[in-house]
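Down below is the structure, laid out as structure tokens.
The values are calculated or read from the model by the stated rules, or taken from the named source; none is laboratory data. Everything numeric in this text was worked out from a predicted model, so none of it was measured. Cβ sites come from the backbone with ideal geometry, for glycine too, and all protein chains shown count toward neighbours. Accessible surface is based on the protein model in full, side chains and every heavy atom, while ligands, DNA and RNA are left aside. Shrake-Rupley method; radii C 1.70, N 1.55, O 1.52, S 1.80 Å.
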Amino acid sequence: PIMSAAKKVKTSSDVPVFTLASGHKMPQFALGTWKSPTEGATKAAVIAAIKAGYRNIDAANDYNNEHEVGAAIAECIADGTVTREDLFVQCKLWNSNHRPEHVEADLKQTLTDLKVDYVDNFVIHWPMAVPSSGKFCSTRLTGAATGSASFIPSASVGAAPCASFVSPPALAASGAGL
């Protein structure tokens, strides 16, 4: 009998993969979350994608929706749709965090937002750095294009202080020193 695609939930073995040089498997198709809106829409989209068989989820802290991606991943793991090992989660190092002392803080914020203990692929978002304050790591907690944010050092991230950063004018207006 022919099974309706809507009733068949795909498993990891149904997803075509690339075998990386390390021997790890990376699903060939990914759900990208760039420009996915917050307020529940991203979470719903990620849940629907995982239930439809997507196993590669692409995120970045600059997209301002990693917390929703993480909530969706956590929900799909909790309800038994997938295990963490079924998913290939990739994320990106933000452009102003290329300094060695900022990389770990950037990754820790992403791990917190995604509600995972590890990511499968952590890449440089764009192969060029942008100006860094040097003192603080930058994470985009309110979105890249909102134009409103304040400089908020976070004690929750390990060795390097982390800060919310949206735009240089917002940073300057906050009175925080660079």
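Given the structure, is Glu75 more than 21 Å from Thr19 (Cα to Cα) and either touching a strand residue (DSSP E or B) at 6+ places or on another chain (Cβ under 6 Å) or assigned to a helix (DSSP H, G or I) (or both)? Yes: the conditions hold for Glu75. Just checking, does the range 25-33 include any residue being over 12 Å from Gln90 (Cα atoms) and either open to solvent by less than 20 Å² (accessible area, probe 1.4 Å) or touching a helix residue (DSSP H, G or I) at 6+ places or on another chain (Cβ under 8 Å) (or both)? Within the range 25-33, none of the residues are over 12 Å from Gln90 (Cα atoms) and either open to solvent by less than 20 Å² (accessible area, probe 1.4 Å) or touching a helix residue (DSSP H, G or I) at 6+ places or on another chain (Cβ under 8 Å) (or both).
Can you find, within the range 38-48, the residue that is modelled with the lowest pLDDT among those that are open to solvent by 40 Å² or more (accessible area, probe 1.4 Å) and within 23 Å of His125 (Cα to Cα)? Break it down into steps so the answer makes sense when it comes.
Of the residues in the range 38-48, the ones open to solvent by 40 Å² or more (accessible area, probe 1.4 Å) are 38-39, 41, 43-45, 48.
Those still in the list that are within 23 Å of His125 (Cα to Cα) too: 38, 43, 45.
Working: Thr38: 78, Lys43: 96, Ala45: 96.
Within the range 38-48, the match that is modelled with the lowest pLDDT is Thr38.
Can you name the residue in the range 49-105 that is closer than 20 Å to Ile124 by Cα, of a type in the set (D, E, K, R) and free of Cβ contacts under 8 Å to residues at least 60 places away in the same chain and is also least open to solvent (accessible area, probe 1.4 Å) among such residues? If we take residues in the range 49-105 being closer than 20 Å to Ile124 by Cα, of a type in the set (D, E, K, R) and free of Cβ contacts under 8 Å to residues at least 60 places away in the same chain, then Glu66 is least open to solvent (accessible area, probe 1.4 Å).
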